[in-house]
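J.: Right, I'll just put the structure down here and ask away after.
What follows is calculated from the coordinates using simple rules that are stated; it is not laboratory data. Since this is a predicted model, take the numbers as computed values, not measurements. Virtual Cβ from ideal backbone geometry, glycine too; neighbours counted across all protein chains shown.
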Amino acid sequence: MGLRSDVIELDHSDGGLDRKQLKRLKQRFLDLNRVRHRRMLEGLSDRQQDLVVLLPLLFHVNHPMLPGYVSGTTPAGLSGYEPDRDQIRRARGLARSFHYQRDVSARACDIDALFVMGSVGTIAQSEGSDLDVWVCHRPGLEREARDQLRRKCRQLSLWAEQQVRLEVHFFLMEPDQFRTGQLGQLSAEGSGSAQRFLLLDEFYRTALWLGGKLPLWWFVPSTCERDYAAYTQTLLGQRFLRAAEVIDFGGLPDIPTDEFVGAGIWHLYKGIESPHKSVLKLMLLEAYLQGQDRRPLALTFKEAVYQQAPHPDRLDAYVMIYRRLEQYLIDSGDPGDRLNLARRCLYFKVDKPLTRPPRSGRKSWQREQLEQLVAEWGWRHTELQRLDQRRHWKVPDVMEERRQLVAELSASYRLINAVSKESTETRISDDELMVLGRKLHAAFERKAGKVEWLNPDISQDIAEPALIFVEEPDTSPEGVRFWAVFRSRDGQPDGPPLKRARYLGELLLWTYGNGVLGAGAWFDVQGERVSLTAPQRQQLWQWLHQWLPLPLVTRAHEPFQRAARAERLLLLFNLGVEPQANLHERGLQMLSAQRDALDFSGLRDNLVLTLDLVQINSWREVLCRHYDDDALINGLQYYLRLAPPGRGLAPPEVTIRCLGAQGSLVVQRLEELWQDLVGCYYSGTRPASSRYVLETAEGYVLIQFLQQQPHVTRYGSYDALIDKLTNAQLEYSPIVVDRHALKNRPLKLMADQAREPGVYLFYQVQEEEAEVTLIDELGSLLVIRLSFFSHTTLLRPLHHFLRSVVARQSASADQGGDATPPVRLFELCGRVDQGRGYLEERASAGDLSRLTFTNIQVIAEPAPDGDILYTVYCNDREFSALDYGDELFTEVARYILSMRRAKERYPCYITDLDLSQCRDLLAPQLGLQLSHYLDIKAQLEQRLNRALLDL
């Protein structure tokens, strides 16, 4: 460098300020800058070099033929700058008409300085490195002028990208605002929290000066950093430096804790997708927080320049980071895996494979410096070969590297979280930490059934040409079987398993989602009960590719501000299993015209045997579930639990697939079922409390949401289903029957009729009896059998009773309103058992209500012993249990018989019933419904008519 290797002393406490020393110091920084600038250009193509060399000129003048031109009034003029011959020559290469003439009458310069910062000019500069350029403009620049300057920067970025394939980002900087913490555009480069001092630390140790004013910070000894303002006032006030020649971004004292938290969050966000690039910076933050040497690296850098003529290799920004980490990890007693990881991260960042010959035929300075480091680390040639093949690593190497990266990122998160909670300085919000925690959870957390993403920017391709999935017995006493996937050679497992899982579907998703099972791969499945033909294997891969195209699109912050929500489901039925396999071999699978896949053929088989359910949620997690037993019921329960109706959430999109000879039949049936379920619960046409009835070969399935949780229950018989439907309801809960269910049962006709709130009475005459079914105001079912003499004698008292109770209920709190639901009567006609039944509505008012009949009113009251006491009014004559005790109904029957001229013993009917005082006995939780009244009425009529016959 031509400079003496003695220490420059600038501490003015003893009058040590010296203009010669300042001049020597300035030259040291400029010499180091010159070397870095040359190294930066060496890593660029010729056309990229032209742009970078011309940046000072492009901001010094406005020329219509040069890149970035906006107008002649765009802020321009770089302080103290004059282009050299090389720059003018390069400018004419872009615009032949360009001629530079110095304008001595030009206005004051608008641009104070230009700097480029980051990895350029360091050992870590690569072909993909971008340029972050600080365009430092004079204070007080008008808003319109700043807008024009910003437009010029955007156009230059676009030109660089399109014309020379260089990514350049420009940031408008105003030093006074920066010193007060107003980062402007740069806040978008952080996590959302101020990182002024950490940014300043990186700027001072990596910035390349391109032109304009020099950093005032260069001339302040690190020992005077805490007295920065006073020291710089002396420098400028006593004219050791001219204010017009320096730019001041401020001193670099201790870095506030909140900046570590904010920067840590930002680097963790980036580390989720590119962990190697973030680990070095996260480790540096940790060293700043917990190391013995907590000084910012920029001060170490400045001290080294003051100590002796700077050595560019030792002062390389990334080498300095490594040296600080190395010392920190050794001091902390953790020099093993973590130090090796830091070394690998630096090696990958430099990206100069040492086991391959240089591309240009000669070694770059970066390669020579990296070779020195590697020799110092003691890495063997075999290890270097493995690292140089990193972009072609396969599953075992990728899994091990991922393990260490995830451990490091997780430890960084725990540290950041702890510092945030303990510090009173931190301004990071709990929401920001929560979002980060959720992102890390989604990317790296293990949980049952979750597909673990293996390859966060580690290898370019981990696909295998051939795989084999093998079902293996478990060695545990339970003997549970599991699946393993192997590399395949000649159709046989080759080497140890790549992965084990409980179920084949989970393993298939893992290999597909991670790119291990690629489009052209051959794979086989070997299981005791599971098999897939070659066409089926190809079909399965196509289904996975259609449902989950890769790579997955990364989600921004917004979805992580809420709990994860299922977005799409893939339902794979009968994966590798064939229903009625033994019948298929003999061609006997279709023994009737019954083509319902849930109740198939004359053998009444359910063709749904197994389900592999795959879910992708709003956090881009992929989860797998497998069901062998009651696959359909479990799948329904899982689906409905994801988005209970009434919460305003749309149900997840469902894709249904099924392999096998009857796969299309299964898919068609289940797509209809899911369509009907969505129509029932999510279309807004039916209440969320609706009860959905499904029929399968094994029996009947009832679906209902209770307290926003789905209950899916199987019943082995029709009578058991009816019994369940009689339960009292908290709110209106109509019965919805699946389109393929109950075709030969009366409930289907009745449920289709009772679609709107109301009171429905259905009866079917069967010789001397009538089966009467009530669907009450809340949808509860009640089935009773009554003696039948005529339609009139059956319907007249029933109708009168229902009208009376409905009127009583509408006036009580049990109804919850003043509306009186209509009462409709229907007769069930035709051959229901043969699917030819129909309903005929009977008059519910008018002629029936005008007929005369004996009024029998019953008032119920709770007894002290928990029983019910009844008082019967027969044509207004009172009969009380208090008077007659157990003979109450005998006395009432005797009175009724006396009222009949011919002493006929035909049945009598209760026309009104009051249960209002018995709610706590009969329905303490849900309240009284019409079905309670009709049930008690039927019981009392049975006792009364038995007494009538006994007289």
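J.: Give the shape of the range 434-584 as rounded, prolate or oblate, defined through the alpha-carbon gyration tensor: a ≥ b ≥ c are the square roots of its eigenvalues, a/c under 1.5 means rounded, and otherwise the shape is prolate if a/b is larger than b/c and oblate if not.
T.: It comes out prolate by the Cα gyration axes.
J.: What is the set of long-range amide H partners of GLY837 at a cut-off below 5 Å, with H atoms built 1.01 Å from backbone N?
T.: For GLY837, whose amide H was placed from the backbone, the distant partners under 5 Å are ARG831, VAL832.
J.: What list do you get for ILE868, ILE633 if you sort them by fewest beta carbons within 10 Å?
T.: ILE868, ILE633
J.: Please enumerate, by chain and number, the lysines with C-alpha under 22 Å from the C-alpha of LYS447, excluding those fewer than 8 residues away in the same chain.
T.: LYS439, LYS499
J.: Cα axis of helix 365-377 to longest principal axis of the chain: angle in degrees, 0 to 90, nearest 10?
T.: The answer is roughly 70 degrees.
J.: Name the long-range amide H neighbours of GLY211: under 5 Å, sequence gap of 5 or more, or other chain; modelled H, no Pro or chain starts.
T.: LEU114
J.: May I ask for the angle, rounded to the nearest 10°, between helix 143-163 and the longest principal axis of the chain, with both axes built from Cα atoms and the value confined to 0 to 90°?
T.: 90
J.: Between the alpha-carbon centers of the range 861-879 and the range 233-290, tell me the distance in whole angstrom.
T.: Taking the Cα centre of each part, the range 861-879 and the range 233-290 sit 88 Å apart.
J.: What's the long-distance tail for the range 850-950, i.e. % of Cα pairs beyond 19 Å?
T.: Of all Cα-Cα distances in the range 850-950, 43 percent exceed 19 Å.
J.: Subtracting the Cα-Cα distance from 0.36 nm times the residue separation, let me have the gained length for ARG529 to ARG595 in nm, one decimal.
T.: Value of the extension gain: 21.2 nm.
J.: Still on this structure: By DSSP, what percent of the beta bridges with both residues in the range 26-245 are antiparallel, rounded to the nearest 5?
T.: 60
J.: How far is it, in nm, from the label point at LYS447 to the one at ASP494 when both lie 7 Å from their Cα along the line to the Cβ?
T.: Here the answer is 3.8 nm between the modelled labels.
J.: Sticking with this structure for a sec: Taking semi-axes √(5λ) of the Cα gyration tensor in Å as the quantity of interest, determine which of [x] 54, 32, 27; [y] 84, 35, 25; [z] 58, 35, 30 was computed from the displayed structure.
T.: Of the labelled values, this structure produces [y].
J.: Something else about it: What distance in nm lies between label points placed 7 Å from Cα along the C-beta direction at GLU558 and THR655?
T.: A separation of 2.4 nm, rounded to one decimal place.
J.: Still on this model: Under the definition of Cα pairs under 8 Å and six or more residues apart, what whole-number percent is the relative contact order of the range 117-270?
T.: It comes to 25 percent, rounded to a whole number.
J.: Treat the count of other C-beta atoms within 10 Å as a stand-in for reagent exposure and order LYS394, LYS421 from fewest to most.
T.: Lowest count first: LYS421, LYS394.
J.: Rounded to the nearest 500, what is the chain's calculated 222 nm mean residue ellipticity when only DSSP H runs of at least 4 contribute -39500 (n - 2.57) each, over all residues?
T.: Only helices count here, giving -12500 deg cm²/dmol.
J.: While we're looking at this one, here's another question. When DSSP beta bridges are limited to those with both residues in the range 463-551, what percentage is antiparallel, rounded to the nearest 5?
T.: 70
J.: Could you go through the range 921-933 in sequence order and give the Karplus-derived ³J(HN,Hα) for each residue, using 6.51 cos²θ - 1.76 cosθ + 1.60 with θ = phi - 60°, rounded to whole Hz, and x for Gly and Pro?
T.: In residue order, the calculated couplings are 7, 9, 8, x, 9, 9, x, 6, 10, 4, 5, 4, 5 Hz.
J.: Further, regarding this structure: Nearest 10 degrees, 0 to 90: what angle lies between the long axis of helix 297-307 and the longest principal axis of the chain (Cα atoms)?
T.: Roughly 10 degrees, rounded to the nearest 10.
J.: Have a look at the DSSP beta bridges in the chain and tell me what percent are antiparallel, nearest 5.
T.: 75
J.: Hey, with R₀ at 25 Å, roughly what FRET efficiency would GLU82 and LEU141 work out to, going by the Cβ-Cβ distance, to 0.05?
T.: 0.65
J.: If you don't mind, another one. Output the Cα-based Rg and Dmax of the range 191-324 in Å, rounding Rg to one decimal and Dmax to a whole number.
T.: Rg then Dmax for the range 191-324, in Å: 16.0, 52.
J.: Non-local amide H neighbours of VAL246 (under 5 Å, H modeled in plane, Pro and chain starts lacking H): which ones?
T.: Under 5 Å from the amide H of VAL246 lie the amide H atoms of LEU214, each far enough along the sequence or on another chain.
J.: Give me the percent relative contact order of the chain, please, defined on Cα pairs under 8 angstrom at least 6 residues apart.
T.: Value for the chain: 6 percent.
J.: Just check the range 463-551 against the gyration tensor rule for me: Cα atoms, a ≥ b ≥ c as the square roots of the eigenvalues, rounded for a/c under 1.5, and otherwise prolate or oblate depending on whether a/b exceeds b/c.
T.: prolate
J.: Could you name the aspartates and glutamates whose alpha carbon sits less than 13 Å from that of LYS937, not counting residues in the same chain fewer than 8 places away?
T.: Partners found: ASP912, ASP914.
J.: In the structure displayed, which of LYS277/LYS394; LYS23/LYS213; LYS277/LYS349 lie more than 18 Å apart, Cα to Cα?
T.: LYS277/LYS394
J.: In whole angstrom, how far apart do the alpha carbon centroids of the range 510-582 and the range 39-56 sit?
T.: 48
J.: I've got another one for you. Nearest 0.05, what FRET efficiency do ARG894 and GLN753 give at R0 = 41 Å with Cβ-Cβ as r?
T.: E(calc), rounded to 0.05, equals 0.50.
J.: Run the quick spin-label model on THR792 and ARG47: label points 7 Å from Cα toward the beta carbon, then report their separation in nm to one decimal.
T.: Using points 7 Å along Cα→Cβ, the separation is 10.3 nm.
J.: Sticking with this one: Would you order TRP209, TRP483 from fewest to most other beta-carbon atoms within 10 Å of each residue's own beta-carbon?
T.: TRP209, TRP483
J.: Consider a paramagnetic label point 7 Å from the Cα of ARG294 along Cα→Cβ; state which residues of the range 214-228 have an amide N under 20 Å from it.
T.: Under 20 Å, as judged by backbone N against the label point of ARG294, lie 222-228 of the range 214-228.
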